[in-house]
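Chemist: So that we are looking at the same thing, I have put the structure below in structure tokens.
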Amino acid sequence: MGFKLKFMRSTMSVCATILIVIATILGPITLVFMSVSFGTDHWLEFRVDRSKLPANLRDTTDLEMAKIAHSRDRGLFRECFPGNDTQFLDKADGKVDGYCFNINYDMPEISGSKSDEYISRLHLNRCFLAFFIIAIVLFLLAYVFGLILCCMRVSRWAYIAGLFSYSAAFSLAAAIAFFHGAEYIERNKLKDPYFYLTWEEPLKTYTTRNYGWSYALGWVGMILAALSATFYSLAGCYITSEKYEDREVLEKQKGRDYPIAMEPVYAVGTDPYYTKSYGYPRAYLGPMAPEYYARSYPAVGYGDPSKDMWHWREMES
């Protein structure tokens, strides 16, 4: 039985250690994936076959129309035009890095200048950005708590790290859901100028839209955050089980063949003349204990020493 308990304890300890190590290794990998997904410009990739577009779309001088008539990559902060056929950028204002434009998250200055669908899309994009930032911060805190768990093997830290990791995974999943909501409104509801429903038919036909690798990294980061949370939580369960096993072993090692008295029982003299003794009252050690365990010194006092006036009596507390 003892060997079985030791084997179970060692197995649980090894499992907890392995789970903590895996979660700790996954931490920086998850942070890298989430950060790269957050900062890169390949969430949506638009590819336009310009050779099949009519001349009025290929050679337009309208900057906004020229943007949607060229291949481009869109991220959280920028929309970039990596192709070579981008002469319209030469005279464009507000360029970033020579071929990108920042995405505007500000509310329209003039009330009523934009449709309700545009405002809804703007709010969803803001929520997308905010929840992504929250996810990164939460997982960073989870990783810090995981490092504390490596130093202090306490189940509480494992559960806290797991809770923060689950919260980060949920926040990132919510951010991606907001992204899809904004995208749905843009393609199916929004009728403001330069959006999909107002495009000319050739532009709709010869433009393809795909999700880029930044989008894929976002999903991978969410899955890894959920896995890290699961590993932290399981490690906390194993550590808690270790504590319970230790308690059970201690209780079994302290087993007795007789009941333990709730109150201490002492040997006390009933005769008032036998109030002095060299020894102090001693706790009752059990019904089978020899008499000398409880009374190691003879009573000394006035009266007949041949009469033993001592007997066992429980002291009142």
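Chemist: Residues that are open to solvent by 50 Å² or more (accessible area, probe 1.4 Å): which strands (runs of 3 or more DSSP E) entirely in region 39-110 hold 3 or more of them?
Modeler: none
Chemist: Moving on to the next point. LEU141 passes all but one of (1) exposed (fewer than 14 other Cβ atoms within 10 Å of the Cβ); (2) modelled with pLDDT of 95 or more; which number fails?
Modeler: (1)
Chemist: If you don't mind, another one. TYR99 passes all but one of (1) at pLDDT 90 or above; (2) touching a Cys at 6+ places or on another chain (Cβ under 7 Å); which number fails?
Modeler: Every listed condition holds for TYR99 apart from (1).
Chemist: Can PHE132 be described as open to solvent by less than 50 Å² (accessible area, probe 1.4 Å), of a type in the set (Phe, Trp, Tyr) and in contact with a Phe, Trp or Tyr (Cβ under 8 Å, 6 or more places away or on another chain)?
Modeler: When the stated conditions are applied, PHE132 passes them.
Chemist: Would you be able to say whether some residue in region 112-132 is part of a loop (DSSP other than H, G, I, E, B) and basic (Lys, Arg)?
Modeler: yes
Chemist: Of the residues ALA182, ALA235, ALA177, ALA226, only one is within 30 Å of SER165 (Cβ to Cβ) and open to solvent by 50 Å² or more (accessible area, probe 1.4 Å); which?
Modeler: Result of the check over ALA182, ALA235, ALA177, ALA226: ALA177.
Chemist: Of the conditions (1) surrounded by 14 or more Cβ atoms within 10 Å (Cβ to Cβ); (2) outside any helix (DSSP H, G or I); (3) out of contact with any strand residue (DSSP E or B) (no Cβ under 7 Å at 6 or more places or on another chain), ALA158 fails just one. Which one is it?
Modeler: The failed condition is (2).
Chemist: Report, by residue number, each residue of region 185-198 that is more than 37 Å from the chain's Cα centre (by Cα) and exposed (fewer than 14 other Cβ atoms within 10 Å of the Cβ).
Modeler: Residues satisfying the conditions are LYS191, PRO193, TYR194, LEU197, THR198.
The values are calculated or read from the model by the stated rules, or taken from the named source; none is laboratory data. Everything numeric in this text was worked out from a predicted model, so none of it was measured. Please note: Cβ atoms are built from the backbone with ideal geometry, for glycine as well, and neighbour counts cover all protein chains shown. Protein only, heavy atoms only, side chains kept; ligands, DNA and RNA dropped before computing areas. Shrake-Rupley method; radii C 1.70, N 1.55, O 1.52, S 1.80 Å.
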